[in-house]
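Here is the structure we will look at.
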Amino acid sequence: MTKLPSSTRTIPEVSKVPRHIAVIMDGNGRWAKQRFMPRVMGHKRGVESLRETVKACRDLGVEFLTVFAFSSENWRRPADEVSFLMGLFIKVLEIEAGKMHRNNIILKIIGNRSQFDDKLRLAMEEAERLTANNTGLTLTIAANYGGRWDVMHAVQAMLQARPELAQGFSEDDLQPFLSMSDAPEPDLFIRTGGEQRISNFMLWQLAYTELYFTDTLWPAFDRAELEKAIASYQHRERRFGRTSEQVQDPSDKGE
Ligand code: IPE
Ligand code: IPE
Ligand code: MG
């Protein structure tokens, strides 16, 4: 049989509880509008949902939680909403970092930081530094992140570090330069707010992730909603290209 081309997408051990959950926290503005409040109040309330989701993930034994907080396209929003969001990031990082540290959580931020102001960049660095040696759940916040940016940035960084690869390279060569290269790829993707699209979130890393969409708006998302998403995940058969029969046969690793 011909050998498969080298791929970083080795078939992972599939556990009952997803090791890595990626979330598009969408629907904040609509949640606020439904309550006749300004959109930004939805963002504020969304922080509570994140807090609850982190706690629930920790209790359930999820190892990595990655959340989309601000996309590279969200700069297109009205200036006052963007500046509210930036202020909220700083506040959350300053207030929550200490709490996360006490809860043994590792906080990481992915995305292009060069467009953020110094105060926010500093708050990000401080929070990461404070929690770097923890050993519990890894919470990664994607801010000014785009899946295409991630791949382009990785290619550029790889070629800078290893110019000889301009002649040709494999997924294994690129992998270490991508965001979240030290985490397993997400097992479960959740998008709240009813839209069924990826919106330039982790395009590379979601290749074989199970997708779950819910109409629940992010500020209304809670532990019970998370458990529903995980229950849905537990009914999926993750084949990674194999047949169902192969998946049922534990001796067949499909390699
Ligand atoms: C998601 O909620 C949060 C961010 C994009 C920052 P939205 O603000 O997109 O809320 P809707 O989709 O308009 O309801
Ligand atoms: C995606 O939500 C980004 C975040 C949740 C941060 P959007 O609400 O910006 O997505 P689109 O533009 O409707 O696809
Ligand atoms: Mg939205």
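The values are calculated or read from the model by the stated rules, or taken from the named source; none is laboratory data. Being a predicted model, the structure only gives us computed values, none of them experimental. Quick reminder, even Gly has a Cβ in these numbers, built from the backbone with ideal geometry, and neighbours come from all protein chains shown. Calculation scope for accessible area: heavy atoms of the full protein, side chains included, ligands and nucleic acids excluded. Shrake-Rupley method; radii C 1.70, N 1.55, O 1.52, S 1.80 Å.
A few notes on this one:
- Checked against the criterion of being at pLDDT below 95, closer than 30 Å to residue 172 by Cα and outside any helix (DSSP H, G or I), the candidates 108, 3 yield just one match: 3.
- Strands (runs of 3 or more DSSP E) wholly inside segment 137-255 that include at least 2 residues being of a type in the set (Gly, Ala, Ser) and within 15 Å of the chain's Cα centre (by Cα): 138-145
- Long-range neighbours under 9 Å by Cβ, at least six apart or interchain, first residue free of Cβ contacts under 8 Å to residues at least 24 places away in the same chain within segment 191-205, second within 11 Å of ligand 1 (Cβ to nearest atom) and open to solvent by less than 40 Å² (accessible area, probe 1.4 Å): 197/24; 197/191
- Residue match in segment 71-87 (condition: over 18 Å from residue 134 (Cα atoms), open to solvent by 30 Å² or more (accessible area, probe 1.4 Å) and either of a type in the set (Val, Ile, Thr) or at pLDDT below 95 (or both)): no
- Residues that are under 30 Å from residue 34 (Cβ atoms) and not small (Gly, Ala, Ser), drawn from segment 218-253: 218, 219, 221, 222, 223, 225, 226, 227, 228, 230, 233
- Annotation note: of 94, 63, 81, the sole residue that is closer than 20 Å to residue 190 by Cβ and not hydroxyl-bearing (Ser, Thr, Tyr) is 63.
- Those residues of segment 181-209 which are open to solvent by less than 50 Å² (accessible area, probe 1.4 Å), touching a Pro at 6+ places or on another chain (Cβ under 8 Å) and away from ligand 1 (no atom under 16 Å from the Cβ), in sequence order: 184, 186, 187, 188, 205, 206, 209
- Count - residues of segment 94-115 that are within 16 Å of ligand 2 (Cβ to nearest atom) and more than 21 Å from residue 183 (Cα to Cα): 1
- Residues of segment 14-34 that turn out to be open to solvent by 40 Å² or more (accessible area, probe 1.4 Å) and away from ligand 3 (no atom under 15 Å from the Cβ), as a count: 5
- Selected residue (criterion: least open to solvent (accessible area, probe 1.4 Å)) from residues of segment 229-241 that are of a type outside the set (Gly, Ala, Ser) and without any contact (Cβ under 8 Å) to a residue 24 or more places away in the chain: 237
- For beta carbons closer than 9 Å, sequence separation of 6+ or different chains, a first residue in segment 93-115 that is surrounded by fewer than 20 Cβ atoms within 10 Å (Cβ to Cβ) and of a type in the set (D, E, K, R) and a second that is modelled with pLDDT of 95 or more and in a strand (DSSP E or B), the qualifying pairs are 96/107; 113/143; 113/144.
- When residues in segment 111-136 are screened for being in contact with a strand residue (DSSP E or B) (Cβ under 8 Å, 6 or more places away or on another chain), part of a helix (DSSP H, G or I) and of a type in the set (S, T, N, Q), 2 of them pass.
- Any hit, segment 215-228, residues being free of Cβ contacts under 8 Å to residues at least 60 places away in the same chain and more than 16 Å from ligand 1 (Cβ to nearest atom): yes
- Test result for residue 178, of a type outside the set (Ser, Thr, Tyr) and open to solvent by 30 Å² or more (accessible area, probe 1.4 Å): no
- A single member of 213, 240 is of a type in the set (A, V, I, L, M, F, W, C) and on the phi > 0 side of the Ramachandran plot, and it is 240.
- Complete set of residues in segment 35-56 that are more than 12 Å from residue 67 (Cβ to Cβ), in a helix (DSSP H, G or I), open to solvent by 10 Å² or more (accessible area, probe 1.4 Å) and away from ligand 3 (no atom under 14 Å from the Cβ): 41, 44, 45, 48, 52, 55
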